[in-house]
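Undergrad: Have a look at this one.
The values are calculated or read from the model by the stated rules, or taken from the named source; none is laboratory data. All figures in this text were calculated on a predicted structure; none of them were measured in a lab. Heads up, the Cβs are rebuilt from the backbone with ideal geometry, glycines too, and the neighbour counts pull from every protein chain shown.
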Amino acid sequence: MKVKDLPIPDALKAVIQKSGIEDLYPPQEDALFRTRVLKGGNLVLASPTASGKTLVAEICALKHVLEGFGKVLYLTPLRALASEKFRDFRKYEGLEKPGGGRVRVAISTGDYDSSDPWLGRFDIIVSTNEKVDSLLRHRAPWIENVSLIVSDELHYIVDGERGPTLEVVLARLMQINPRLQVLALSATIRNAQEIAEWLKADYITTDWRPVKLREGVYLDGVVSFNDGHVHRCEELYGNPAVNVAVEVVGNGGQALIFTETRRSSVEMASKLAPIMTKILSKREKDRLERIAHGILNSGERTRLSEALSRLVERGVAFHHAGLTGIHREAIEDAFRERLLKVVCATPTLAAGVNLPARVVILNSYQRYEVGYGRYPISILEYKQMAGRAGRPRYDAFGEAILIARSKDEEEYLMESYIKAQPERLWSKLGMEKVLRTHVLSTVASGFAHSDKGIMDFFERTLYAFQYGSRNIQTLIKNIVEFLLKEGFLECQGSSLEATSFGRRVSELYIDPISAVIIRDGLRRGSKLLTDISFLYLACHTPDMAPKFYPGRREEGSLQSYIEAHKDEFMVDLPLPEESEDSLALEEALAEVKCVRVLESWIDEVSEDGIIERFGVEPGDLYRLLESTKWILHAIHELSALLGRKEYLSRLERLMERVRSGVKEELLPLTRIEGIGRVRGRSLFNAGYRSLEDLRRASLTDLTKVPMIGTELAKRIKDQVGGKVSQEEMEKIRGGWMREQRLLTEYEP
C-alpha cells in the first residue's frame, strides 16, 4: 500500500512523502485499513521497534487536527522520549488548518504545580504521563478539548512506580471525554487482547520487522542463534562483549552494549576506546573531536564529562542516567550519524529512545539497583533491548546476543529469555502507597464527591478490569478514613470535599504522607532554625529519592552530626545511644547523608568533590537535586498556606541555592542568564559582587575574567545595563570573530 492511497489530506501526504516514506509497512497497513482507527476507533498496536508505530500515530493525530478540529495529547513515560517525539511532530507545523492558522506543536514535561494555560493554543501536545496527571489535578480547561490520546510505550503500565500514574491518566481522560479516541503503542504486549478489551479497542499484534532479528548466546567464542545458525567469533581480547563489538564494527556495523551498572558502562567503553580509534577515518576523527570539545564546554567540567569527551574522540561512548540531557543528546545524535561505533549503556537507553544498531549485546542479564542489589531483568525488558538490533536502510538483519559464562548459563539464557514469551501486562495500582495520592486527587480535582463516586472511577481502571473492584474497596475505604483524619478531606452532609490543605497537596503532586510530615514539622518548628532544618524535613519525606545509605565507615560521623545538629531538626531523630530500632536509625542516617550531600552542593563543593567524598553517582546527585527542589517548593507553599510566613524568605533563598549550587553571596550573580556556579564564583573572585559592579565594568575587563568570553560578556551587559562605548563594541566584535575562527578549527 502506498502513502498516496491513504484517505488523508493531500498536504499531509506530501509531508510524509517528503520525509522519504512512500510505501507503508505491513503493520501500518494493518492498523490503518484493518481497524477503525481512521474513523475514530480505539486501537492497541503492538509491533516491534522500527516497524512504523509512530507514523500511525502521526497520521491519526493530524487527521484529528486537520479534519476534526481536535486536539491531541501524546503521552510518553520519559522526558527524553517526549523530546524525540516533539521533534518528529514539528515537521507538520507548516500545514494549514481548515479553520485558519497553521498546525502548532508543543512539549510540556516539567513543573508539576501549574495548569500551563498556554498549552491551550496548541494542537498537538507531547508530554509525560506524570505531567498530564498534574494537569488533570489542576483542572487545565483545555484538556476537555482533547479528542485523541496517544499512549506510547504502554508496557510501562507494569512499572511499579510509573505504571499506576499511566493507568489513572488513561482512565481519567476517558472519564472526562467518553468519545475520546485512544491509540496505545508498544513493541511488546503479550495480552494485547485483554488490554484492548479494557480500552474498548481493536488490536493489532505482529512480529513483523523491517530488519530481520535473530537472537543468540555467546559462549567461548561461539554464538548459537535461535534459528540454528552458529557463528564463531575471534577471541582477540579478554572480554566477550569486546570481541563481538570489534568484529561488528570491523564489518561496517555499530553495536550497543547493555551493561549492569553505570560504572561498568564506563569501564566497557574504556576497554573499547584504544581499539576503535584505530578504525576511524580522518573525517570521523575530526568530527568526533568537535563533538568531544562541545561536551567539555557544556556545563560544569567534571571527571565524568572529561572521561566522556576522551572516549567520544575515540569513537565510543557510555550512556546512562548520570549524564546531562545535553550530553545524552550529543551521544545519540553522533551514533545516529554513524560517527560513534559503540555505545555502552545501562538499560535506560532501551526505554523508547530511537537508537538502533546492527548488533545489541547484553553483557549481563542482571541489573543492579541501590537498596535492591542484583536481580535478573524481566523477559519484557530483554525483548525491549533486543528490539534495538537492526538499522533500517543500513542492515539486512540485526542480532541480539546474550553473554554466557558457562554451558549451564547458555542453556538458561536460551530458554528463559530468547525462547520465552514476555510477561503479561498486569496493573500495579493495588498498593496503598500508590493509591493514596490518586484517591486524594480524585476528590480534590472534583472528579468524585462521595465514596461511591471514588469507587465508580476506580472501576474504570485496568486493576478493576483484571482483578475486580472488590479487591481494592477495603483499601480505598482505609485511605479515605486516613485522608479524613489528617484533614485532607471533610464530610459535608453526604458528600466528600477536599479541604484547602487537601487541594493544595494534590496540586503539589506529593504523597499525602509527605504532606503530613511537612505540616507537622512546620507546626513544631525547631529550637534553632537553619537551612538544615528544611533540608532534613525534605529528606525525611517518602517522596525524596534517592536516599544514600551509608557504609559502616560513615556511620560514626553521621551519628555525630545528628548529635551536633539535634536542635535544628523539625522532627524527632533517633539518637544513636538511645535508639532500639536499628531500621529507624539506618533510615535516619541515610537521610542525614542526603542532607550533607546537599550542604556540600550549596557550599559550592564541585560535583567531583561530592562524588569522591560521599561515593554517590553523578546521576543520583542530579536526581537528589531535582527531588529537593520539588519538595522545598512544596514546603514553601504549605508554609504559606499554614500561615508560617516567617519561613518563606529563608525557603526562597534556599531553593535558589539548591537550584544554582552556590553560597548565598553568589545569588545576585547566578540570577543572570548564562552564569552558573563556576562562572559566578569566577566573577565574584574578580571583584564583581553585585549587578552594579557589572554595570560599571567595561566589556574588556569582563572578558579578562576566567570562563567569561566575549559573547558572554556582551550578554551580561545586555542584562544588567550600563553604557558600552563604540570603541569597546569594535573590540568585542573583533574578539568574537577570533573566537569563531578558533571554533571553525573543529569543523569537519
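Undergrad: Which pairs do you get when a residue that is in contact (Cβ under 8 Å) with a residue 40 or more places away in the chain, found in the range 676-694, comes within reach of a residue that is buried (at least 17 other Cβ atoms within 10 Å of the Cβ) and acidic (Asp, Glu), reach meaning Cβ atoms under 9 angstrom, with the pair 6+ apart or on two chains?
TA: Listed by first residue and then by second, the contacts come to Arg677/Glu604; Val678/Glu604; Arg681/Glu604.
Undergrad: Could I ask something else about it? Of the residues that sit in the range 369-404 and are in contact with a helix residue (DSSP H, G or I) (Cβ under 9 Å, 6 or more places away or on another chain) and farther than 17 Å from Thr188 by Cα, which one is modelled with the lowest pLDDT? Please lay out each step first, then the result.
TA: First pass over the range 369-404, keeping only residues in contact with a helix residue (DSSP H, G or I) (Cβ under 9 Å, 6 or more places away or on another chain): 370, 376-388, 398-404.
With farther than 17 Å from Thr188 by Cα added as a condition, the list becomes 370, 376, 398-399, 401-404.
Values: Val370: 61, Pro376: 91, Gly398: 95, Glu399: 97, Ile401: 98, Leu402: 98, Ile403: 97, Ala404: 97.
Looking at residues that are in contact with a helix residue (DSSP H, G or I) (Cβ under 9 Å, 6 or more places away or on another chain) and farther than 17 Å from Thr188 by Cα, I get Val370.
Undergrad: Here's another thing I want to ask about it. Say we look at the range 64-81 and pick out the residues that are surrounded by fewer than 23 Cβ atoms within 10 Å (Cβ to Cβ) and more than 24 Å from the chain's Cα centre (by Cα); which of these is nearest to Ile143 (Cα to Cα)?
TA: Among them, the one singled out is Lys71.
Undergrad: For the range 156-191, how many residues are of a type in the set (Asp, Glu) and modelled with pLDDT of 95 or more? Lay out the reasoning, then the answer.
TA: Initial filter on the range 156-191 (of a type in the set (Asp, Glu)): 159, 161, 167.
Next, from what is left, pick out any that are modelled with pLDDT of 95 or more: 167.
Qualifying residue count, the range 156-191: 1.
Undergrad: Which of the residues belonging to the range 458-498 are part of a strand (DSSP E or B) and over 25 Å from Leu638 (Cα atoms)? Before the answer, list the steps.
TA: Within the range 458-498, the subset part of a strand (DSSP E or B) is 489-492, 495-498.
Residue satisfying the conditions is Ser495 alone.
Undergrad: Can you work out which of the residues in the range 305-336 that are among the hydroxyl-bearing types (Ser, Thr, Tyr) and assigned to a helix (DSSP H, G or I) is modelled with the lowest pLDDT? Show your work before the answer.
TA: If we filter the range 305-336 for residues that are among the hydroxyl-bearing types (Ser, Thr, Tyr), which is where we start, we get 305, 309, 324.
Now restrict to residues that are assigned to a helix (DSSP H, G or I): 305, 309.
On the way: Ser305: 89, Ser309: 96.
Here the residue is Ser305.
Undergrad: If Gln421 satisfies every condition in (1) surrounded by fewer than 18 Cβ atoms within 10 Å (Cβ to Cβ); (2) under 29 Å from the mean Cα position of the chain (by Cα); (3) farther than 30 Å from Leu362 by Cβ but one, which is the exception?
TA: With respect to (1) surrounded by fewer than 18 Cβ atoms within 10 Å (Cβ to Cβ); (2) under 29 Å from the mean Cα position of the chain (by Cα); (3) farther than 30 Å from Leu362 by Cβ, Gln421 is out only on (3).
Undergrad: While we're looking at this one, here's another question. Name every residue in the range 270-290 that is outside any loop (DSSP other than H, G, I, E, B) and either under 23 Å from the mean Cα position of the chain (by Cα) or hydroxyl-bearing (Ser, Thr, Tyr) (or both), in order of residue number. Explain how you work it out, then say what you get.
TA: Looking only at the range 270-290, we keep the residues that are outside any loop (DSSP other than H, G, I, E, B), and these are 270-276, 282-290.
Selection gives Ser270 alone.
Undergrad: It is to be established whether one or more residues within the range 161-180 are small (Gly, Ala, Ser) and not assigned by TED's automatic domain parsing to the domain that holds Glu58. If you could, list the steps in order and put the result at the bottom.
TA: Just the residues of the range 161-180 that are small (Gly, Ala, Ser), to begin with: 163, 171.
Filter once more, so that each one left must be not assigned by TED's automatic domain parsing to the domain that holds Glu58: none.
Checking the range 161-180: not a single residue is small (Gly, Ala, Ser) and not assigned by TED's automatic domain parsing to the domain that holds Glu58.
Undergrad: Test Ala564 against the criterion of being assigned by TED's automatic domain parsing to the domain that holds Arg653, aliphatic (A, V, I, L, M), in contact with a Ser or Thr (Cβ under 8 Å, 6 or more places away or on another chain) and surrounded by fewer than 19 Cβ atoms within 10 Å (Cβ to Cβ), and give yes or no. Outline the logic, then answer.
TA: Values: assigned by TED's automatic domain parsing to the domain that holds Arg653: yes; aliphatic (A, V, I, L, M): yes; in contact with a Ser or Thr (Cβ under 8 Å, 6 or more places away or on another chain): no; surrounded by fewer than 19 Cβ atoms within 10 Å (Cβ to Cβ): yes.
Spelling it out, it is not the case that Ala564 is assigned by TED's automatic domain parsing to the domain that holds Arg653, aliphatic (A, V, I, L, M), in contact with a Ser or Thr (Cβ under 8 Å, 6 or more places away or on another chain) and surrounded by fewer than 19 Cβ atoms within 10 Å (Cβ to Cβ).
Undergrad: Also: For the range 79-123, name all the residues that are among the β-branched types (Val, Ile, Thr) and either touching an Asp or Glu at 6+ places or on another chain (Cβ under 9 Å) or in a helix (DSSP H, G or I) (or both). Even if it seems obvious, please write down each step before you answer.
TA: From the range 79-123, those among the β-branched types (Val, Ile, Thr) are 103, 105, 107, 109; that's our starting set.
Val103, Val105, Thr109 - these are the residues of the range 79-123 that are among the β-branched types (Val, Ile, Thr) and either touching an Asp or Glu at 6+ places or on another chain (Cβ under 9 Å) or in a helix (DSSP H, G or I) (or both).
Undergrad: So, in the range 477-487, of the ones that are hydrophobic (A, V, I, L, M, F, W, C) and more than 30 Å from the chain's Cα centre (by Cα), which residue ends up nearest to Ser450 (Cα to Cα)?
TA: Quick first cut of the range 477-487, residues hydrophobic (A, V, I, L, M, F, W, C) only: 479-480, 482-484.
Those left that are additionally more than 30 Å from the chain's Cα centre (by Cα): 480, 482-484.
Values: Val480: 10, Phe482: 15, Leu483: 13, Leu484: 12 Å.
Within the range 477-487, the match that is nearest to Ser450 (Cα to Cα) is Val480.
Undergrad: Could I ask something else about it? So in the range 598-635, with the set limited to residues that are at pLDDT 95 or above and outside any helix (DSSP H, G or I), which one is surrounded by the fewest Cβ atoms within 10 Å (Cβ to Cβ)?
TA: Asp603
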